[in-house]
Each structure stands twice: as C-alpha cells, then as structure tokens.
1. Write down the percent of antiparallel bridges among all DSSP beta bridges whose residues are both part of region 10-156, to the nearest 5.
2. Residues with beta-carbon under 9 Å from that of Thr251, excluding Thr251: net charge, scoring Lys, Arg +1 and Asp, Glu -1?
3. Stretch Asn439-Arg409 to full length: gain in nm at 0.36 nm per residue minus the Cα-Cα span?
4. May I ask you to derive the relative contact order of region 258-445, considering only C-alpha pairs under 8 Å and at least 6 residues apart, and to give it as an integer percent?
5. For region 258-445, just the Cα set please: Rg and Dmax, both in angstrom.
6. Let me have the relative contact order for the chain, percent, based on Cα pairs under 8 Å that are six or more residues apart.
7. Using the crude model of +1 on Lys and Arg Cβ and -1 on Asp and Glu Cβ, and no other charge, please compute the dipole size for region 258-445 relative to its Cα centre, in debye to 20.
8. What is the antiparallel percent of DSSP beta bridges lying wholly in the chain, to the nearest 5?
Amino acid sequence: MAVQHASDDTGLRSDFFLLIDGELVTSGRWFDVIDPATGAPFARSPEAGRAELDRAVAAARRAFPAWSALSFEERAAYIRRLCDALRKHQDELAELLTREQGKPVGQSRDEITRAATQSEGMTKIQIPVETLVDDSERHIELHYVPLGVVGIITPWNAPINLAAGPLTAALYTGNTAVLKPSPYTPLSTLKVGELAREIFPAGVVNVLAGGNDLGQWMTEHPGIDKISFTGSVATGKKVMAAAAGTLKRITLELGGNDAAIVLEDVDPKSVARKLFFAATVNCGQVCMAVKRIYAHESIYDALCEALADEARNAKVGPGMEPGVQIGPIQNRMQYEKLLGILEDTKRSGARILAGGEVPKGPGYFFPPTIVADIDENSRLVQEEQFGPIVPVLKFSDVEDAIRRANATRYGLAGSVWSRDIARATAIAARLEVGTAWVNQHRATSAFVPFGGAKESGIGRQYSILGLKGYMEPRVVSVLKQVP
Ligand code: NAD
C-alpha cells in the first residue's frame, strides 16, 4: 500500500520542516518542488529567510562550545548513529530523492549507501597533535582546532551524498553546521535533518531550505566561519568573493570537464561499457562524469560503435520505473541548456551516432547521445554539458591527446584506459586534475582526497587533507627554559 503523506489545500505534499536549534519549524513561506519526470510540482518546501538564518547561526554558535569539547571518538559515535539512520530509512529517502531529483531509484539507494559508508570512513581518520620540534630548548606542537560554525551549500545532482561528506567533516572535527540544499532538491535533505534531530544535541545541525539568496546570505554572514560549497564554477566564484568580506575559510567543489583518454590496446566493447556508465550515470549530472572521450584512431570507430550500442540499449524513463537506467534531466534550466548544446552540435556538422532526438514532454527526458567527428572548439567539448551527451574525439599521437585533455580551465578529474598499466599511469600523472584514474573513473573513498585543480575548486573533501580544511592549525611553542 502506498504511504500517505500530509498534503495541503494545494494537494501538494507538505510534510517538510526546517531544522533550527533542535526544533522542526516552518517559516510561513513555501516554494514548490517539481518532479522532473512530469515537469509538475508534487510538493512544497518551507522557505528560510534572513530571520531563520540568524536563528540557525545563533543556535549553532551556542551549541559549539559543548560540541567542540567532545572527543573525536564521542563525535564519531553520533555520526555513526546518523549513518545507521540513513540505512534504516533508505527506502523512503531513496523514493523521495528519485521523486525530486529524477535519478533511477537504484541509483538513489546507491547514493544513500555511499553517503553512509564515506561518512563512517571519515570518522576512522585520526588527527593527532604533531610534534614539530622537541630538543633541549624547545617543544613545538601543531594542533588542529575546529573553526566554529560551518555553512554547507549543496547542488541538486546528489543532494544526500554531497551534504553527508561536508556535514560529517564539519561535525567530526568539532564544528557545528548550517546546511542548505539546492532549491531544486531540498526535500530529502530536510528529511535527513529530521533524522539528525533525533541524534544530535540541539543546534549542532541546522537545515534550512531556501533560494540562491539564502546561499549568498550564508557566505556573507559574520556568524559563519567557513563555507563548504559544492556547485558550479560561476557560483563558486561568487562564494569566494562574498566570503572575502569576513575572510571565511572556503572549500569549493566545483564543476569539471573530465577527459578519458583511450589508448590503442584496449578491448573497445569492454571499455565502452564502463565509459558509457561513467558518462551517463545520474543522467550525466555528475561533477566527475566522463565528459570528453579521446580515442586512439586505431580503435576510434569500434569504440564509437560500442558506445552507440550502449546508448541505443539504455532504458530511459521515470526513475521509479523498473529497469530504467537513465532518468530525466533534473530541472528545466539544465534541460534547456542541453537542448542548446544539442542544436549547436547538430549545426556544427558533427555525426550523431545514437540519440539526438529529444521526445516531446512531459518531463525533462533527454536520450543518451553519442557524438563523433566533432570540432574541438564546439560547445559540447569546451563546456561542462552535465547531461547524457558525450563527444568522442580522435587522436593519433598520445602527446596531442594529453595536450587537448589539459586545454581547459577545469581540472576536476580524468582517466586513462589501457592494458599497459605502467604506460597509462605515466600518462595519468600528467593530467592537470585533482584525481587521475587508470582503467576506472569516478572511484572515491573516505581516505582519499577528492577535489579540483584549476577552476574546478579549492581545497579537498575526504581524507585527512579534507578534514584539516575544517580546522585551524594552531602552533603551541614552548621554551623549556623557565624565565
Ligand atoms: P549552482 O552553483 O547553481 O548551485 C549550488 C548551490 O549554490 C545551490 O544550493 C544554490 O542555491 C546555491 N547558490 C546559488 N547562488 C549562490 C550564491 N550567490 N551564493 C551562495 N550560494 C548560492 O550549482 P548546481 O547547478 O546546483 O550544481 C551543478 C554544478 O555542481 C555542476 O557544475 C557540477 O559539476 C557541480 N558539482 C561539483 C561537485 C564536486 O564535488 N566538485 C559535485 C557535484 C556537483
């Protein structure tokens, strides 16, 4: 039997609340949330304004002394309880995530599993006091102390996972948090807030839904000490500029235009299957999706054909429908951007091997599209498409492929594919990115730093490097001679 949810006089589901100071509240203002599989609103989210932000920040500041005084082990125990709660509520969270975000429900479940696993992993990382000098005269230690209140701003492509990473990092290292999801996908994050309310002391975790202006107010707010932002390069630059006013610390996880370089010695079919998945999972709306494929001329046609086969056989449809691999694009703006890129690609004379015909609505469905023989300067190659349309480019000299892969302001990740692992590794190490993979793409771990080079970001998430980004280094320098 379907679960009945509270709905208001508009018929929209409305059982959603902001979390401020341990209380579930509404603001009296609401905004609609669209189901991308239909293009119609299905729920309403409460909308936080400046007053709610001020209350949340004040609560987080009040909660900070007691929370930061706990040991790492004590804070880890709280976070592990949240991970357990995510797993326990996985089914209902996954359905809600699919409804608001669009991805196939299996991928929603994977996102929740990933969020719990990576968060638990981070709580196993030790951040010890480091002794820098210890001689007859002096003892110098390096401590890492929490910053205070962390503002976390997330995008719409993987709202639960992209909230869990920064939230865990902030809390585990002793900070308190104010979390704001994207206005396109606020609901699953608000439900995570309800779970957090049952676990954490009041004020340690606050969750506010709202528009882009709420994000801007957070970046300017004098009561917030750090912003962890995940989103587009354009907004990341605004965050950095606004954070300058209070010299906030920032971690920026921004967009990418990842290249995959495929050498001549691979099995095209097997690599095509992996590349297709890495390019189209979550409908291509992944920061570290494969966004450009550079294939050696000797396997170019075979790889193109195998990719086109994958695209023709992929099932596109609403995320709750069984067997669907590719759901709708998450929102109308992104859908229209992709239509523009597709138009530009067709006009350029490139060859469309599969897909390319967008069905008439309802919903923002876009078929997986494989494009061959495309100009290097086209929009599809130069921009972050963030959708299931993939250009395949030819090279004859691998030096040329490396140069073209690096000829971008983005620098999130990239990959090299070959049977010759030593050769592929040497090529991967020359990619100007935060992560260069060999024979894989999109593999992350709680113990491995992830983030962007160049305009793909500042700082890292995960690993000890990422956690230190949520802390201030403090030197304690002792002269052993008593005055
Ligand atoms: P976006 O930049 O439009 O929005 C991200 C968040 O910022 C939203 O919550 C939004 O409300 C908020 N925001 C908007 N204007 C703001 C402002 N002036 N100040 C503060 N906050 C503001 O990004 P999006 O379209 O939601 O997400 C897609 C982008 O995110 C893609 O470029 C993708 O590559 C990137 N991304 C990066 C990573 C990573 O880890 N590097 C992960 C996922 C997504």
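1. 95 percent
2. Result for the local shell: +2.
3. Full extension from Asn439 to Arg409 adds 8.4 nm.
4. 28 percent
5. Both quantities, over Cα of region 258-445: 15.5, 49 Å.
6. 18 percent.
7. Magnitude of the dipole: close to 500 debye.
8. Taking every DSSP beta bridge within the chain, about 45 percent pair in antiparallel fashion.
The values are calculated or read from the model by the stated rules, or taken from the named source; none is laboratory data. Everything numeric here is computed off the predicted structure, so don't read it as measured data. A quick note on method: Cβ atoms are made from the backbone with ideal geometry, for glycine too, and the neighbour counts reach across all protein chains shown. Heads up: the accessible areas ignore ligands, DNA and RNA and are worked out on the full protein's heavy atoms, side chains in. Shrake-Rupley method; radii C 1.70, N 1.55, O 1.52, S 1.80 Å.
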